[in-house]
Structure formats: structure tokens, C-alpha cells
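**Q** Below are the C-alpha cells for one structure; questions will follow.
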Amino acid sequence: MTTTVETWQHRDIITNGIRMHYVIQEPPGEVGETQNAPLIVLLHGFPEFWYSWRYQIPFLAELGYTVVAPDLRGYNETDKPRTAAGYRVSNLLRDIVGLIKGLGREKAIIVGHDWGGALAWAFAMRYPQMTEQLIVLNAPHPWAFQRELKTVKQLRKSWYIFFFQLPWLPEAALSYNHAEAIGRMIYAAAVQKVAFPPDVLDNYRAAMSKPGALTAAINYYRETFRRGSYVTPGAGSSRGGRQQTLISAPTLLIWGEQDIALDIALTQGLEQWVPNIQVRRIPDSGHWVQQERPDAVNDFIKEFLQSTCHPTA
């Protein structure tokens, strides 16, 4: 696959009180002809930044979409609030709302991987009127995650969440030698290790070495799991006295089956919360699925967008 970057543009926007950096690529066409192209927002995970979507940005733009990939709050070139409270899910979701509205849009196709996928699930529940379609890659639906955390298998896979609750120690371990551990972690979790040569890993290490970036990224885990706010309640079906919001938007879940942090069981039994869901699994991929198997991921996304009546090239 050839990645074209000539028409990418780097921009900043003020949203929810912070400055957010993002990359945008418009579909081919004359100036002014692409203003009505459907908007796709790509949300990255930990410990990444917009760059994790480098294989999807030009592909989706070529299909006729305006593609926007932000650095989430605390990451890379986006502002990094100092307090953990700044990383509450409600704040992170308002960042996305402000991004979409700041681009002059009222809704978007929301795509997310890892932490970006967690936010994508929550966004579709909290802001259904702004969610045109939903695409999630290797990120568990919140109620499925809560279900599987009751199993020893997923608890063992989630050990790092508990490690991240400690003060200062995770930052010290991960920041040593220009975030060398970040590069090792990404490489170790990959099945298709050819996707992560030294220059790619160096990009992630550099982003996580920016002042305040590691603490900001870890604060996602600290604030969310201390408050139990990963699950976003709202109107919907009730189980055990809790409200469970259904997602009505057409939804695609793509899953690299050899994910060392998230069990394959998280892809099962989702129809009760997401009635209009398609699940596509990729056997020979790990957690970084859109980078390990970009062609397969792009084909699944294109097929999904075509099946849900979005015009594509």
C-alpha cells in the first residue's frame, strides 16, 4: 500500500476550552466541490496519535470523504490539562463535539481504535444525533468489558490498568530513555511486526516524550476507572437497576484476534446493546489492527460504508 501525504493538512482548532491539533484530508475535486463530502472522524488510542491512521486517511479521502484525525486531549500536539479531572470521559466527548461543530458539521461517521474506540462507543450513546455511522477497532463495548472483567482471563490481560492507577511510577517506567518502553510495548503487542520498523516506533516515542504527554495519557485510565465512568449511562434498556443505552447507528466492529490485552470474547453478545452491528475479525493481527493489516481493515470499512448507503468511489 502506498500512503499519499501530499494533500494532508495540519490544523488546530479551539474546542471545549483546549487547542486541538488535527490532520485533515479532503476528497479529490476542485476547491468548493468537496464541502458537502461526508465527514469521518478518526480517534486514535494509547499510546498513539493521529499518525496511527496514516493508511486510512488517504484511502477514505479517495472514496469521497472529508477525513479528520485529531490528536486527542493530552496527546502529541494537542493541549495537555494538568489535572486528572480534565480527562473525564464527558470532557473527552465534548472535545469531539466541538471539533465536529467547529468544522461546520452537525454529525459525522465516528471511527475509533483502542481508547479512541472507547470514546467512539460512548459518543454514539451520548450523542446519537451526531453519530451517522460507528466503526470501532479493537476496543470493547463498555457493557461487554464490564462483563468480561469478571473473568480471570480478561483480568489478567488488563493488569496494566491497575498498574496505571499508581502515582508517578508508570510515568517513570515508560519515559526512561526517550520512552524506550513505549516502542517495546507496541512492538511486543504486534503480530505483524514488519508494520513497526524503528522509524515508526521512533515517531510514537517522540510523541509520548513531549512534556506532560505520558501523564495525560495515563490520566485517561486513572480518572475513568476510578470514577467508573467508562460505562456511559443513559436512556435505554435496564439490567440490574442500571440503564443501558442502545446504539441505533449502523455499527462495524473490526477485531484483530491476537490482541494480547483484549479477549476475543469481547466481540460476542453485542447485539443486545448494538442491534445493527456487523463484526469482522482478522485472525493474523494483534491489537494495532489498522496498522498491522491496513488493506483488510480498509476493505472492511469500504464494504460497510457501501452497505449503509454512503456513496463511495
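The values are calculated or read from the model by the stated rules, or taken from the named source; none is laboratory data. From a predicted model like this one, the values you see are computed outputs, not experimental measurements. Cβ sites come from the backbone with ideal geometry, for glycine too, and all protein chains shown count toward neighbours.
**Q** Quick one: would you say S237 is modelled with pLDDT under 95, hydroxyl-bearing (S, T, Y) and surrounded by fewer than 17 Cβ atoms within 10 Å (Cβ to Cβ)?
**A** It is true that S237 is modelled with pLDDT under 95, hydroxyl-bearing (S, T, Y) and surrounded by fewer than 17 Cβ atoms within 10 Å (Cβ to Cβ).
**Q** Which one of A61, A84, A108, A120 is buried (at least 17 other Cβ atoms within 10 Å of the Cβ) and in contact with a Gly (Cβ under 7 Å, 6 or more places away or on another chain)?
**A** After ruling out the rest, the residue left standing is A120.
**Q** Inside segment 114-152, can you point out the residues that are more than 18 Å from P70 (Cβ to Cβ) and aromatic (F, W, Y)?
**A** Scanning segment 114-152 gives W143, F145.
**Q** Then there's this: Here are the criteria: (1) at pLDDT 95 or above; (2) more than 18 Å from G112 (Cβ to Cβ); (3) of a type in the set (S, T, Y). Tell me which single one S248 does not satisfy.
**A** All conditions pass for S248, except number (2).
**Q** May I pose another question? Scan the helices (runs of 4 or more DSSP H) fully inside segment 85-169 and keep the ones with 3 or more residues being touching a strand residue (DSSP E or B) at 6+ places or on another chain (Cβ under 9 Å).
**A** Hits in segment 85-169: 89-102, 115-126.
**Q** What are the residue pairs meeting all of these: first residue in segment 276-304, first residue buried (at least 17 other Cβ atoms within 10 Å of the Cβ), second residue part of a helix (DSSP H, G or I) and among the small types (G, A, S), Cβ atoms under 6 Å, and 6 or more apart or on different chains?
**A** Correct list of pairs: I282/A296; G286/A189; H287/A189; Q291/A195; E292/A195.
**Q** Now for a different question. When residues of segment 48-84 are filtered for being within 16 Å of the chain's Cα centre (by Cα) and either in a loop (DSSP other than H, G, I, E, B) or without any contact (Cβ under 8 Å) to a residue 40 or more places away in the chain (or both), how many remain?
**A** Qualifying residue count, segment 48-84: 13.
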